[in-house]
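Participant: Quick one: structure below, then a few questions.
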Number of protein chains: 2
Amino acid sequence: METLERTSTGAELAPRLRLAIMRLARILRQHGQEGISASQLSALVTIERLDSVTLGELASVEKVQPPTMTRIVDSLEDQGLVRRETDEQDRRICRVSATTQGRKMLDRSRRRKTAYLAAHLRELNAEEVDVLARAAELLERMVGQP
Amino acid sequence: METLERTSTGAELAPRLRLAIMRLARILRQHGQEGISASQLSALVTIERLDSVTLGELASVEKVQPPTMTRIVDSLEDQGLVRRETDEQDRRICRVSATTQGRKMLDRSRRRKTAYLAAHLRELNAEEVDVLARAAELLERMVGQP
DNA sequence: TATTGTTATACTCTATAACTATA
DNA sequence: TATAGTTATAGAGTATAACAATA
């Protein structure tokens, strides 16, 4: 053996991985496009996840100011994708949840992105799919997913 | 052995991979932030890559309309990050290239994203880094990189 | 006359400041 | 008086339509 295993812990890997991830994400974003804007879609995802979330929480999670979230929720509500409800204990608070129609739209958007990815995964052999499956686990750990 | 290897070619993998990629990309975007807007940064990346690119090509690659690209290049030029030059053969054409300062800004932005990723890669063992290195190759192939 | 890029104008998305309703 | 959300207003960013310069 000429040398030990390269002890690189990502110094060369990081820039390549970064570029590939960013490009793939951009492609997936384009394929997920429904009729709604990126910020509306993002908010809808969060609304479904946190269900019955207050407008303030929502603004904070989505990193926009409350007036902006008021507008976003307005337009989602106009499109029948979410529902506003006044909190019964504290009537200043407004809770937002996804309608059935909103959930369906999310499903469609996800399915399109997934379909794009799946189509490309089909071109790989079993061993390569396995590598990506293990990579997915590692990436999930990295972004703090359960 | 109870069953054959699952012959899944990504049907279960695709949604997980999609989610992990999108989240990581979002985190990296936040870490790369310099003082310029996302569309300015994106255009600058393309300008550096295609060097001496015409404004029309640039608009087409970045998927914006020419007037929008005129604005973006205006502001990049005001900040000293790119340079406009009139084509000598055809004086209708305007060619754009990155200045030294523009390239430095790209380097900084990339270094920050890379540093974030590298920090997380350091928490992995050699075998896991290897899995991600192989995954990077596969993702590169998937997004059509050389 | 056709093509490349720019200017004029309008619409969307976002923010800050001021306001309303409730606690 | 303090808090949750909304309305008013202004600044980016983008698009389409009209224009200028060049081929």
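Participant: Scan (1) under 30 Å from A:Leu121 (Cα atoms); (2) away from chain A (no Cβ under 11 Å) for the single condition B:Arg26 breaks and write down its number.
Facilitator: Among (1) under 30 Å from A:Leu121 (Cα atoms); (2) away from chain A (no Cβ under 11 Å), B:Arg26 violates only (2).
Participant: Collect the residues in the stretch B:29-43 that are within 14 Å of chain A (Cβ to nearest Cβ) and within 16 Å of DNA strand C (Cβ to nearest atom), keeping them in residue-number order.
Facilitator: Going through the stretch B:29-43, the residues within 14 Å of chain A (Cβ to nearest Cβ) turn out to be B:29-33, B:38-39, B:41-43.
Across the stretch B:29-43, the qualifying residues are B:Arg29, B:Gln30, B:Gln33, B:Ala38, B:Ser39, B:Ala43.
Participant: Just give me the residues in the stretch B:115-146 being more than 7 Å from every other protein chain (Cβ to nearest Cβ), of a type outside the set (S, T, N, Q) and either over 16 Å from the mean Cα position of the chain (by Cα) or farther than 29 Å from B:Ser39 by Cβ (or both), in sequence order.
Facilitator: B:Ala119, B:Glu123, B:Glu127, B:Asp130, B:Glu137
Participant: Same structure, new question: Checking A:Gly80 against (1) assigned to a loop (DSSP other than H, G, I, E, B); (2) within 14 Å of DNA strand D (Cβ to nearest atom), which single condition isn't satisfied?
Facilitator: So A:Gly80 meets the others, but not (2).
Participant: Could you tell me whether the stretch A:92-111 includes any residue that is part of a loop (DSSP other than H, G, I, E, B), at pLDDT 95 or above and surrounded by 15 or more Cβ atoms within 10 Å (Cβ to Cβ)?
Facilitator: Restricting attention to the stretch A:92-111, the residues satisfying the condition of being part of a loop (DSSP other than H, G, I, E, B) are A:92-93, A:99.
Pick out the ones that are also at pLDDT 95 or above and you get A:92-93, A:99.
Now restrict to residues that are surrounded by 15 or more Cβ atoms within 10 Å (Cβ to Cβ): A:99.
Yes, that holds for at least one residue.
Participant: So, one more: Confirm whether B:Val45 is assigned to a strand (DSSP E or B) and away from DNA strand D (no atom under 13 Å from the Cβ).
Facilitator: Details: assigned to a strand (DSSP E or B): no; away from DNA strand D (no atom under 13 Å from the Cβ): yes.
No; evaluated as a whole, the condition is false for this residue.
Participant: A further question follows. Pick from the stretch B:48-67 the residues that are near DNA strand D (Cβ under 10 Å from one of its atoms) and touching a helix residue (DSSP H, G or I) at 6+ places or on another chain (Cβ under 7 Å): which of them is nearest to B:Val96 (Cα to Cα)?
Facilitator: Quick first cut of the stretch B:48-67, residues near DNA strand D (Cβ under 10 Å from one of its atoms) only: B:59, B:62-67.
Next, only the ones that are touching a helix residue (DSSP H, G or I) at 6+ places or on another chain (Cβ under 7 Å) stay: B:59, B:62, B:65-66.
Numbers: B:Ala59: 12, B:Glu62: 14, B:Gln65: 16, B:Pro66: 13 Å.
The extreme case among them is B:Ala59.
Participant: Name the residue, out of B:Ile47, B:Ile36, that is among the β-branched types (Val, Ile, Thr), out of contact with any Lys or Arg (no Cβ under 8 Å at 6 or more places or on another chain) and at pLDDT 95 or above.
Facilitator: Only one candidate qualifies: B:Ile47.
Participant: Inspect the stretch B:90-105 for any residue being in contact with a strand residue (DSSP E or B) (Cβ under 7 Å, 6 or more places away or on another chain) and within 10 Å of DNA strand D (Cβ to nearest atom) and give the result as yes or no. Show your work before the answer.
Facilitator: If we filter the stretch B:90-105 for residues that are in contact with a strand residue (DSSP E or B) (Cβ under 7 Å, 6 or more places away or on another chain), which is where we start, we get B:93-99, B:102.
Those still in the list that are within 10 Å of DNA strand D (Cβ to nearest atom) too: B:93.
Looking for residues that are in contact with a strand residue (DSSP E or B) (Cβ under 7 Å, 6 or more places away or on another chain) and within 10 Å of DNA strand D (Cβ to nearest atom), one finds at least one in the stretch B:90-105, hence yes.
Participant: So, one more: Six or more apart or on different chains, Cβ under 7 Å: which pairs go from a residue in the stretch B:101-114 that's within 14 Å of chain A (Cβ to nearest Cβ) and in contact (Cβ under 8 Å) with a residue 24 or more places away in the chain to one that's in a helix (DSSP H, G or I) and aliphatic (A, V, I, L, M)? Could you list them?
Facilitator: From residues that are within 14 Å of chain A (Cβ to nearest Cβ) and in contact (Cβ under 8 Å) with a residue 24 or more places away in the chain, the pairs are B:Leu106/B:Leu44; B:Leu106/B:Val45; B:Ser109/B:Leu41; B:Lys113/B:Leu28.
Participant: Are any residues in the stretch A:48-94 of a type outside the set (S, T, N, Q), away from chain B (no Cβ under 14 Å) and more than 13 Å from DNA strand C (Cβ to nearest atom), and if so, which ones?
Facilitator: A:Leu50, A:Asp51, A:Val53, A:Glu57, A:Glu77, A:Gly80, A:Leu81, A:Val82, A:Arg83, A:Arg84, A:Glu85
Participant: Given (1) loosely packed, with under 15 Cβ neighbours inside 10 Å; (2) under 30 Å from A:Ala135 (Cβ atoms); (3) more than 13 Å from DNA strand D (Cβ to nearest atom), identify the lone condition not met by B:Arg134.
Facilitator: It is condition (1) that B:Arg134 fails.
The values are calculated or read from the model by the stated rules, or taken from the named source; none is laboratory data. Since the structure is predicted, the reported quantities are computational estimates derived from the model, not experimental observations. Cβ atoms come from the backbone with ideal geometry, glycine included; neighbour counts cover every protein chain shown.
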